[in-house]
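The values are calculated or read from the model by the stated rules, or taken from the named source; none is laboratory data. In this text the structure is predicted, and so the values were computed from the model without any measurement. For neighbour counting, all protein chains shown are included, and Cβ atoms are generated from backbone atoms with ideal geometry for every residue, glycine included. Protein only, heavy atoms only, side chains kept; ligands, DNA and RNA dropped before computing areas. Shrake-Rupley method; radii C 1.70, N 1.55, O 1.52, S 1.80 Å.
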Amino acid sequence: MGKVAVGVAVVCAAAACAAAALVVRRRMRSSGKWGRAVAMVREFEKQCGAPIAKLRQVADAMDVEMHAGLASEGGSKLKMLITFVDNLPSGFVLFNPTIPFSQGLTFSALITLCFHDRDEKGIFYALDLGGTNFRTLRVHLGGKENGVVNLESEEVSIPPHLMTGCSHELFDFIAEKLAKFVSSEPEEFHPAPGRQRELGFTFSFPVRQTSISSGTLIKWTKGFNIEDAVGEDVVGELTKSFEKIGLDMRVAALVNDTVGTVARARFNNPDVVAGVILGTGTNAAYVESAHAIPKWQGLLPKSGEMVINMEWGNFRSSHLPLTPYDQDLDLESLNPGEQIFEKIISGMYLGDIVRRVLLRMAEEADFFGDTVPPKLKIPFIIRTPDMSAMHHDASSDLNVVGTKLKDLLKIDNTSLQMRKLVVELCDIVATRGARLSAAGIFGILKKIGRDTAKGGEKQKSVIALDGGLFEHYTEFRSSLESTLKELLGDEAADTVGVEHSNDGSGIGAALLAASNSQYLGVQDF
């Protein structure tokens, strides 16, 4: 072999060695980065850990905060708002254990008194105002036997200028649209002469309730800013607008959607003791013994019970498994330090927690390559429905995950290994949220003494749940239900049920109008 040939061979061999070394270095570097990404997910999983022992601590803390909130205003992170709802539309008023037998009542008379059959019937209206649209509903109730016979509704968009104008302009607009809706009422359902139509008003803004049918606005949210309405009775303002146009309608109940969920479910099932919303936001309400509300200053209701609006999204405890990602999300939110429970269990935030972890993986472990995808830096670009779709991807190549990453974040060519890690991340976030939700429900059951099976008793307790997160996120729902059973134990779990109860803000409000009708006892409904 000539010198030139030998030289060429040496150069080629050197080049091959260099190329091989480069490949090895890249593989080593890639392997190191991948290992870092996996380690970050494992660390996050550890931080999100919610073993049963921790969940019991969370439930105990919820129970303590509930007691404190019932004792005095401002005594707890939980507002524990008195709703003035003491008549629920179940067809039955629950047994009032405060009535002693020594009053001379026979047992049969006591049962007749305590289980009075209301059997609500008739046409009732609902107005659901909670955002840039509002709904008007006409609900035909057929009593205990027939339930909701018919439902009609319309949705109306609120012009933007009315969201920042004057109070009377907004309520006049709502009254006019409601009057138009009422005008389509079938003639056979027109009220008798001298009788008013009755309305349940779902007003999903912060209100200081003063009675079942009145409450002063504390502040606007969701893009509304009508200054002259703050501090005013929203029912009074709406009624003024009714009077201007001659709409003879009485607001029989002012409620929020969580209380409406309790009412909606109780109408069909007298065993319902609480309602929980798990959607974009979260809240819970439950039926409390009136004797267990020290801050209640009025006469005890005849039913002996009162629905309490917990506002549980603001719950906070040192036992909550918070991560640095949660802390960053809170600091960057519009209400730092508030609504901590909501920020780790509700649909508004779960998808963004996933995004934050992926962003950190992209920055510190080159998870998506040498550059960080710009769109990954946009808050809330991954919504919880997107997270749910990836989590539920059952395809062999996780095609849905790949498509979501491409469509949302403009990330191409993700490997199956990467997609699997994304699914695992979704599972960690959803499972923590579901298990903590179950712990909150267990805390409510603990507060009202329904967390254990009492020997010989067949007392049933039903939790009504509503909201898109619970309804559509199957993995979340399954985890919540299995965790609640685990917390209760086999025997007690047989006495507790979970059921979906939809449209508390609409049908529930109409039902509360029926159960608080001024005509109850005058004529059967």
Region 188-234: number of residues that are more than 19 Å from residue 139 (Cβ to Cβ), part of a helix (DSSP H, G or I) and open to solvent by 10 Å² or more (accessible area, probe 1.4 Å): 2
Quick check: anything in region 315-324 under 26 Å from residue 54 (Cβ atoms), free of Cβ contacts under 8 Å to residues at least 60 places away in the same chain and of a type in the set (D, E, K, R)? no
Count of region 457-497 residues which are within 19 Å of residue 267 (Cα to Cα) and in contact (Cβ under 8 Å) with a residue 40 or more places away in the chain: 10
Just one of (1) in contact with a strand residue (DSSP E or B) (Cβ under 9 Å, 6 or more places away or on another chain); (2) assigned to a loop (DSSP other than H, G, I, E, B); (3) at pLDDT 95 or above trips up residue 79, so point out which. (3)
Please specify each residue of region 398-426 satisfying the condition of being out of contact with any Leu (no Cβ under 6 Å at 6 or more places or on another chain), farther than 12 Å from residue 367 by Cα, touching a residue at least 12 places away in the same chain (Cβ under 8 Å) and of a type outside the set (Gly, Ala, Ser). 398, 401, 404, 405, 408, 410, 416, 420, 423, 424, 425, 426
Return the residues of region 404-431 that are surrounded by fewer than 13 Cβ atoms within 10 Å (Cβ to Cβ), modelled with pLDDT of 95 or more and of a type in the set (Asp, Glu); say none if nothing qualifies. 407
Taking the condition more than 30 Å from residue 438 (Cβ to Cβ), modelled with pLDDT under 60 and either exposed (fewer than 10 other Cβ atoms within 10 Å of the Cβ) or basic (Lys, Arg) (or both), does residue 36 pass? no
What number goes with the only condition from (1) at pLDDT below 95; (2) farther than 23 Å from residue 306 by Cβ; (3) not charged (D, E, K, R) that residue 478 does not pass? (1)
Do we have any residue at all in region 292-303 that's in contact with an Asp or Glu (Cβ under 6 Å, 6 or more places away or on another chain), at positive phi and either surrounded by fewer than 18 Cβ atoms within 10 Å (Cβ to Cβ) or of a type in the set (Ser, Thr, Tyr) (or both)? no
Test each condition in (1) open to solvent by 70 Å² or more (accessible area, probe 1.4 Å); (2) more than 15 Å from residue 508 (Cα to Cα); (3) at pLDDT below 95 for residue 159 and report the one that comes out false. (1)
Given the condition hydrophobic (A, V, I, L, M, F, W, C), over 29 Å from residue 316 (Cα atoms) and touching an Asp or Glu at 6+ places or on another chain (Cβ under 8 Å), answer yes or no: does some residue in region 386-393 qualify? no
Within region 367-412, of all residues that are among the polar types (S, T, N, Q) and out of contact with any Gly (no Cβ under 7 Å at 6 or more places or on another chain), the one nearest to residue 33 (Cα to Cα) is 371
So which residues in region 245-290 are part of a strand (DSSP E or B), in contact with a Gly (Cβ under 8 Å, 6 or more places away or on another chain) and open to solvent by 30 Å² or more (accessible area, probe 1.4 Å), if there are any at all? 289
Can you spot a residue in region 185-197 that is at pLDDT 95 or above and under 28 Å from the mean Cα position of the chain (by Cα)? no
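One line per residue, one yes/no per condition, for (1) over 17 Å from residue 493 (Cα atoms); (2) of a type in the set (D, E, K, R):
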position	(1), (2)
369	yes, no
408	yes, no
422	yes, no
431	yes, no
449	no, no
471	yes, yes
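Condition check ((1) closer than 26 Å to residue 70 by Cα; (2) of a type outside the set (D, E, K, R); (3) in contact (Cβ under 8 Å) with a residue 24 or more places away in the chain) across all residues:
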position: 213; (1), (2), (3): yes, yes, yes
position: 257; (1), (2), (3): yes, no, yes
position: 281; (1), (2), (3): yes, yes, yes
position: 285; (1), (2), (3): yes, yes, yes
position: 293; (1), (2), (3): yes, yes, yes
position: 299; (1), (2), (3): yes, yes, no
position: 307; (1), (2), (3): yes, yes, yes
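Residue by residue, here is whether (1) touching a residue at least 24 places away in the same chain (Cβ under 8 Å); (2) open to solvent by less than 10 Å² (accessible area, probe 1.4 Å); (3) not in a helix (DSSP H, G or I) holds:
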| position | (1), (2), (3) |
| --- | --- |
| 126 | yes, yes, yes |
| 131 | yes, no, yes |
| 134 | yes, yes, yes |
| 165 | yes, no, yes |
| 171 | yes, yes, no |
| 175 | yes, yes, no |
